[in-house]
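Report on one structure; see the data block that follows.
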């Protein structure tokens, strides 16, 4: 089969390629070490400006992949021992943080009382059910770091939205004052939105995992061999029915421009942001005999994510842990060879993918500066719209967002997309198409939509699946 060119040259190719491939993405259990530490595992980052007005930047960072909704009695939550961060760079000179938002969580202690108090009802004694002991109740704080300025706490003791356990839990929780509503719906979840005044709004808690992909076939040595028009039958969304934990930020863009004014209309390097998220743990942890843990020393980054699927699909297995522990500013120095010579092409050739596609892999094995140009928005939204050099400290795994133009991947990553249950494009399909064939053949895993509709308002990801009636096992 002769390669069929799907996109025109220049800007149209760049925009169409990444609009189709990277608009929806994920990194679930992508590296050996982080697969053993799920509460610190970045799974997704979305970032975009309000269409038309460009007055708000929305960032949604997700963690803890493949949460089973019915996973009690110790239901999924953020870790109290992890420093969660959203990083924002600005301009084309470096990838240093212009702004950092640090989020720390704190879990309420389990209620313990004397045996004589056992008959006092819910909360009055030692409980069997975690809901009645309040063991999943969390709060969090948000600290903003801006350049060399003193850190500012912009939110404190904010409640985290609880897990969606089931109707009896919700109803009983309302009676005993644990919850404000007997129904776990969008209105209830919205009560956990915190207004931070001039700094914007924040929300955190469990949500539907918004990624969709046929995990089984992809990791069966890319056993798909379909394309966008004739995908393989019986494709299965391997993430369907699972939740994640998400942090959502709404930030006025005038706070990010460096001028105190709203963004100027039109593309420019000066108001182009680079967004990425990370998770860090203390360097030393001591576990006591009673199960308590003491943490000491500086924070050590254990996970990160900017552009979707970079570590999962671009970086070699031997370097995935190193990638999670380094910063985007070091990516050219450490990992440029992976971007310029994608190993997925070599591996796909070895297992027969190109034979199934009827394509010659030779043109796609090396010299792939096209990938780095797209990451840097070189020709997006128009030819030579941005001038971000492919140099150490300047190019790296960050999700670029030009605040002066409407977001459209890879210039940001908006939610929702062309349909209520789709992002702007199917990231898996386009990732496969661009990395394997420079977008000249549409390669598809056959999964075309999410298992829930995204919201059209903050915090954008859908409600979490309910454990009692909607768990993955159902």
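The values are calculated or read from the model by the stated rules, or taken from the named source; none is laboratory data. Predicted, not measured: the structure shown is a model, and the values here were computed from it. Positions of Cβ are generated from backbone atoms using ideal geometry, with glycine treated the same way; all protein chains shown enter the neighbour counts.
Observations, loosely collected:
- Selection count, region 220-256, where residues are at pLDDT 75 or above and at negative phi: 23
- For region 378-410, a residue qualifies if it is in contact with a helix residue (DSSP H, G or I) (Cβ under 8 Å, 6 or more places away or on another chain) and within 21 Å of residue 52 (Cβ to Cβ), and the qualifying residues are 380, 381, 382, 385, 400, 403, 408, 409, 410.
- Residue match in region 292-303 (condition: in contact (Cβ under 8 Å) with a residue 40 or more places away in the chain and either part of a loop (DSSP other than H, G, I, E, B) or crowded, with 24+ Cβ neighbours inside 10 Å (or both)): yes
- Filtering region 282-290 for residues that are touching a residue at least 60 places away in the same chain (Cβ under 8 Å) and under 28 Å from residue 77 (Cα atoms) leaves a non-empty set.
- Test result for residue 273, at pLDDT 85 or above, part of a loop (DSSP other than H, G, I, E, B), on the phi < 0 side of the Ramachandran plot and surrounded by 24 or more Cβ atoms within 10 Å (Cβ to Cβ): no
Quick grid of which residues meet (1) surrounded by 19 or more Cβ atoms within 10 Å (Cβ to Cβ); (2) closer than 30 Å to residue 430 by Cα; (3) under 24 Å from the mean Cα position of the chain (by Cα):
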{"residue": "133", "(1), (2), (3)": "yes, no, no"}
{"residue": "137", "(1), (2), (3)": "no, no, yes"}
{"residue": "155", "(1), (2), (3)": "yes, no, yes"}
{"residue": "186", "(1), (2), (3)": "no, no, yes"}
{"residue": "211", "(1), (2), (3)": "yes, yes, yes"}
{"residue": "218", "(1), (2), (3)": "no, yes, yes"}
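- Filtered residues of region 50-105 (kept if surrounded by 18 or more Cβ atoms within 10 Å (Cβ to Cβ) and on the phi > 0 side of the Ramachandran plot): 54, 64, 66, 91
- When region 152-168 is filtered for residues that are without any contact (Cβ under 8 Å) to a residue 40 or more places away in the chain and either within 16 Å of residue 85 (Cα to Cα) or touching a helix residue (DSSP H, G or I) at 6+ places or on another chain (Cβ under 9 Å) (or both), the ones remaining, listed by number, are 152, 153, 156.
- Listed by position, the helices (runs of 4 or more DSSP H) enclosed by region 147-255 that each have at least 1 residues that are closer than 30 Å to residue 448 by Cβ are 186-190, 215-218.
- Residue selected from region 413-444 under the condition touching a strand residue (DSSP E or B) at 6+ places or on another chain (Cβ under 7 Å), within 30 Å of residue 205 (Cα to Cα) and in a loop (DSSP other than H, G, I, E, B), by the criterion modelled with the highest pLDDT: 414
- Hey, residue 330 part of a loop (DSSP other than H, G, I, E, B) and closer than 25 Å to residue 103 by Cα or not: no
- Close pairs (8 angstrom Cβ cut-off, 6 or more residues apart or separate chains): on the phi < 0 side of the Ramachandran plot and without any contact (Cβ under 8 Å) to a residue 24 or more places away in the chain in region 335-357, assigned to a helix (DSSP H, G or I) and surrounded by fewer than 18 Cβ atoms within 10 Å (Cβ to Cβ) anywhere: 335/319
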